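First the structure, in the form of C-alpha cells, and then the observations on it.
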Amino acid sequence: MDSAPSRNASVLNVNTLIDDQPMVAAQWMILILCFLVLIGDSFDTAAMAFVAPSLMYELGISKLVLGPVLNAALIGLAAGALIAGPVATGWGGSEC
C-alpha cells in the first residue's frame, strides 16, 4: 500500500469554510454574552470617577488616601489581563 496522499484528494481550507457559513444563534449568544461581560467589567472603573468625590466626603478621607485604593483596582485589572492570556492559551491550546 502506498502511504502518499492521492492526487485526487481535495484540501479543506478551514478559513474559507468558516467565513462562508452564516453565524448561528449560539454564536450570536456568545458574542452578546462577551459584550455584556465587557460592559460589566468596565462599569465599576467608570463609576468610581463619579463616586470618588462623595466617597471622600462621606468617609472623611483625602485624595492621598483614596488614590492607592483606586489604583489597586486598575493594577488588579492589568495583572489579571496579563495572567489570563497565557492561562487561556495553556488551557485551550495554542493551535490558533
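The values are calculated or read from the model by the stated rules, or taken from the named source; none is laboratory data. None of these values were measured; they are calculated from a predicted model. All Cβ positions, glycine included, derive from the backbone under ideal geometry; neighbour counts span all protein chains shown. Quick note on the areas: whole protein, heavy atoms, side chains included, nothing else; ligands and nucleic acids left out. Shrake-Rupley method; radii C 1.70, N 1.55, O 1.52, S 1.80 Å.
Key figures for this structure:
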item	result
Residue match in the stretch 5-18 (condition: assigned to a helix (DSSP H, G or I) and modelled with pLDDT of 90 or more)	no
Residue check for residue 86: part of a helix (DSSP H, G or I), at pLDDT 90 or above and not aliphatic (A, V, I, L, M)	no
Any pair with Cβ under 8 angstrom, 6 or more apart, that starts in the stretch 62-88 at a residue that is open to solvent by 80 Å² or more (accessible area, probe 1.4 Å) and ends at one that is in a helix (DSSP H, G or I)	63/56; 74/45
